[in-house]
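Bear in mind these aren't lab numbers, they're just calculated from the coordinates by the rules spelled out. In this text the structure is predicted, and so the values were computed from the model without any measurement. In this analysis, Cβ positions are derived from the backbone assuming ideal geometry, glycine residues included, and neighbour counts consider all displayed protein chains.
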Amino acid sequence: MEPLEITERLKDRFLNEIVDITQFRDQVHIRIKKEKVLDICRFLHDDPDIRMDYLTDLLGVDYPERESRFEVVYNLYSLKHRHRLVLKALVPEKDVSIDSVVPIWQGANWLERETCDMYGISFNGHPDLRRVLMPEDWEGYPLRKDYPLKGLEGWEYKGHEEAKELHTHDSEWNIQS
Amino acid sequence: MESERDENSRIATKEMTLNMGPQHPATHGVLRLVLDLDGETVKKVTPYVGYLHRGIEKLAEHRNYMQVLPLTDRLDYISAMTNNIGYCTAVEKLFGIELPERTKYIRTMLAEMTRIISHLLWLGTHVIDIGALTVFFYTFREREQLLDLLERLCGARLTVTYPRIGGLKNDVDAQWLDDLYKFTDTFPARIEEYETLVDQNRIFLSRTKGVGVISAEEAINWGLSGPVIRGSGVPYDVRKFMPYGVYDKLKWEVPTGKNGDVYDRYRVRMEEFRQSTSMIRQCIEQMPEGPIMADAPKFTLPAKDKVLTDMEHLIHHFVLITKGPQTAPEGELYVATEVPKGELGFYFVSDGTGKPYRMKIRSPSFVHVSVLPELCVGGLVPDVIANIGSIDIVLGEIDR
């Protein structure tokens, strides 16, 4: 099925949820409101003609100047029909949460953890929402646009304190080079 | 005596938590697993990753498209060439650059060569984990020949950075192609050699058959790719489903397994050796003459010999490397390529400036390590090792 036919099907069922539809180099992107994301995903997954059985990727994007700051992007593919559709759910800054799609695609588990880790978006109903790439006691969300690339002046990760303490006795060894 | 035995039978067992890694030879990098054990049976597996996190996605937002290319080498550092090709393919599609035919052939040939290099390392280390030391020495003999060829081609053995946006660093010469062709003459016999060492080995068979089973439906639901999903019998291969390069012009098949266990994943990779060898031969036989850089001066570097002799080309080169292309088409795009581990995809959000607004790397190993608990629970501790080897993860790609 052509991606634009899928968008027609979606319009029939979820017209009020769709914000806009864009196309770039044969890929179709649908921007939706976040409230019914689970219903829409389930429809795309279960409908026999669409059958988006393969969640290729799930990511976050940060647009600090926009009204709803974050987007959660669902990159869907159908192994059966070989078509792709990109779904983008808008997440405003005042309520940084969205429903988890782990009940539909198990593979979303770690991808949602990563998005949470990097953007601070929480996924409702996720079985095990912990940081995945950053240390558990890390402050801030590294991929947000207002997070500095190199850290603030004089800033140091507090986990270093532990390592430094381990080396306080080094001088007692008096190793002469 | 009798009472003592009674005593023993009433001893209460309790679960043990075992920490494995991050410094452990069988985890293939800095992967840490926490295993909850009941005797020798694994009850729960919790993987911890991130020890190698370098923030490549964040870095990419602060670099121009040219400067991101060397970062991609450091993803899956065993098969850097395929990462470069994946990145360049994605950027070229974003920019709308059409590649010359010769470049497509060279890239396809190099991608398959890298697949062999990566699978040789996988075979050697995977079989060592299971207890057969010999195969390692055989696979590294052939791997060395291929790495030497890469060194002759571009000066680097591992982090090659050989492709460029819109082309390649330099052309391949006829002697180099001859030597690679000679390698493909002898390599099929080598594959049989590995198989005689492993395939009939009773220890290897009992360690791999029926271990770490994942069904086709589950594999799709988990989003697995590469030899792991093909071992479960799903013929999903990006090279067939969304062809790039010249894969649609070559004759080749997608090998698949049936049972989705460690042994079938091993078989799939062994067959991929043969398919890759045949593809390299076809590429060399069909390769046309012609330019290697696309005709898009706004995005592609000028030829190196002109840069060294001509002022205008030197300026052009300098501006592109330091500042990069000043504009890029505005839009969002996902482009996938098949690397030895599975589907490597780049998702670009371009805001029209010369830097990617957001670059998401869909790395196969990140998805594969998340399925590890699913494979290991209910098995024995040694099966954990076999499973880690069979999903062929690289931590550079997981942590990014």
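So what J values fall out for the stretch B:343-348 if you push phi through Karplus, 6.51 cos²θ - 1.76 cosθ + 1.60 with θ = phi - 60°, rounded to Hz, Gly and Pro as x?
Those phi angles translate into 8, 9, x, 10, 10, 9 Hz.
Largest first and in whole Å, what are the equivalent-ellipsoid semi-axes of the stretch B:32-113 based on the Cα gyration tensor, each being the root of 5 times an eigenvalue?
Computed over the stretch B:32-113, the values are 37, 18, 10 Å.
Please state the relative contact order of the stretch B:1-137 as a whole percent: Cα pairs under 8 Å, 6+ residues apart?
Contact order relative to length: 12 percent.
Quick one: if the Förster radius is 30 Å, what FRET efficiency do B:T159 and A:Y63 give, using the C-beta to C-beta distance and rounding to 0.05?
0.35
Return a whole-number percent for the relative contact order of chain B, with Cα pairs under 8 Å and 6 or more residues apart as the contact set.
Once divided by the residue count of chain B, the mean separation gives 26 percent.
Under 8 Å for C-alpha pairs, at least 6 residues apart: give me the relative contact order for chain A, rounded to a whole percent.
Value for chain A: 16 percent.
Please report the equivalent ellipsoid semi-axes of the protein assembly as shown, computed as sqrt(5 x eigenvalue) of the Cα gyration tensor, largest first, in whole Å. Don't jump to the answer; show the numbers that get you there.
Details: eigenvalues 268, 214, 146 Å².
Equivalent ellipsoid semi-axes, largest first: 37, 33, 27 Å.
First measure r as the distance between the Cβ atoms of B:T327 and B:E285, then evaluate 1/(1 + (r/R0)^6) with R0 = 30 Å and state the FRET efficiency to the nearest 0.05.
The computed FRET efficiency comes out at 0.15.
Give me the compactness ratio for the stretch A:1-71, meaning the Cα radius of gyration over 2.2 N^0.38 Å.
Against the empirical 2.2 N^0.38 Å value, I get 1.16 for the stretch A:1-71.
Just tell me how shielded B:218-226 is by partners: mean number of partner chain Cβ atoms within 10 Å of each residue's Cβ, no decimals.
Per residue, the number of nearby Cβ atoms from other chains is 5 on average.
As a test of the definition: which semi-axes, in Å, follow for the stretch B:116-259 when you take the square root of five times each eigenvalue of its alpha carbon gyration tensor? Largest first, please. Walk me through the intermediate numbers first.
Numbers: eigenvalues 176, 107, 39 Å².
Output for the stretch B:116-259: semi-axes of 30, 23, 14 Å.
Can you sort A:D99, A:D12 by how many other beta carbons sit within 10 Å, fewest first? Please list the in-between numbers first.
On the way: A:D99 18, A:D12 8.
Fewest-to-most Cβ neighbours within 10 Å comes out as A:D12, A:D99.
At a Förster radius of 56 Å, what calculated FRET efficiency corresponds to the Cβ-Cβ distance of B:R152 and A:Y147, to the nearest 0.05?
Taking R0 as 56 Å, the efficiency between B:R152 and A:Y147 is 0.85.
For a quick check: sort A:H160, B:H119 by the number of other beta carbons within 10 angstrom, fewest at the front.
Result, fewest neighbours first: A:H160, B:H119.
For B:Q200 paired with A:L79, estimate the spin-label separation in nm (one decimal), with each label point 7 Å from Cα along the Cα-to-Cβ line.
My value for the distance between the label points is 3.5 nm.
Run the helix sum for chain A: -39,500 (n - 2.57) per DSSP H stretch of 4+ residues, divided by residue count, reported at 222 nm to the nearest 500 deg cm²/dmol.
-7000 deg cm²/dmol
Give, as a single signed number, the net charge of other residues whose beta carbon lies under 12 Å from the beta carbon of B:R190, with Lys and Arg counted +1 and Asp and Glu -1.
-2
For chain B, what is the Kirkwood estimate of the hydrodynamic radius, computed as the reciprocal of the mean inverse distance between distinct Cα atoms, to one decimal in Å?
Computed over chain B, the radius equals 22.5 Å.
Calculate how many DSSP beta bridges within chain A are antiparallel, expressed in % of all such bridges and rounded to the nearest 5.
75 percent
So if I place +1 on the C-beta of Lys and Arg and -1 on the C-beta of Asp and Glu, and nothing else carries charge, what would the dipole magnitude of the protein assembly as shown be about its Cα centre? I want it in debye, nearest 20. Present the calculation step by step, with values, prior to reporting the outcome.
Values: 72 positive and 91 negative charges, 202 e Å.
Computed charge dipole of the protein assembly as shown: roughly 980 debye.
So, counting K/R as plus one and D/E as minus one, what does the shell of residues with Cβ under 10 Å around A:W138 add up to?
Computed value for this residue: -2.
Charges at C-beta only: +1 for Lys and Arg, -1 for Asp and Glu. How large is the resulting dipole of chain A about its Cα centre, in Debye rounded to 20?
On the way: 25 positive and 36 negative charges, 158 e Å.
In debye, rounded to 20, chain A gives about 760.
Give A:K80/B:K104; B:K169/B:K304; A:K94/A:K145 a once-over and call out the pairs whose C-alpha atoms are over 19 Å from each other.
From A:K80/B:K104; B:K169/B:K304; A:K94/A:K145, over 19 Å: A:K80/B:K104.
In sequence order, what are the phi-derived ³J(HN,Hα) couplings for the stretch B:33-49 according to the Karplus relation 6.51 cos²θ - 1.76 cosθ + 1.60 with θ = phi - 60°, rounded to whole Hz, with x for glycine and proline?
10, 10, 9, 9, 10, 10, x, 9, 8, 7, 9, 8, 10, 10, x, 10, 10
How would A:W138, A:W105 line up from fewest to most surrounding beta-carbon atoms within 10 angstrom?
A:W138, A:W105
Just from its helices, what would the mean residue ellipticity at 222 nm be for chain B, if runs of 4 or more DSSP H residues each count -39500 (n - 2.57) and the sum is divided by every residue, rounded to the nearest 500 deg cm²/dmol?
-16000 deg cm²/dmol
Once Lys and Arg get +1 and Asp and Glu get -1 on their Cβ, which of A:H29, B:P70, B:A294 lies farthest toward the positive end of the dipole of the protein assembly as shown?
Projecting each Cα onto the dipole axis, the largest value belongs to B:A294.
Any idea what log10 I(q)/I(0) is at q = 0.15, 0.16, 0.18 Å⁻¹ for the stretch A:13-127, Debye with uniform C-alpha scatterers and no solvent?
-0.62, -0.71, -0.91
Per-residue mean of other chain beta-carbon atoms within 10 angstrom of the beta-carbon, peptide B:358-368?
4
Among residues other than B:V172 whose Cβ falls under 12 Å from its Cβ, what is the net charge (Lys/Arg +1, Asp/Glu -1)? Spell out each step's value before the answer.
Details: positive: B:R102, B:R107, B:R152, B:K169; negative: B:D171, B:D173, B:D178, B:D179, B:E289.
Neighbour charge sum, excluding B:V172 itself: -1.
Under a Cβ-only charge scheme (Lys and Arg +1, Asp and Glu -1), can you give me the dipole magnitude of the stretch B:259-363 about the Cα centre, in debye to the nearest 20?
On the way: 14 positive and 15 negative charges, 78 e Å.
Taking the Cα centre of the stretch B:259-363 as origin, the dipole is about 380 debye.
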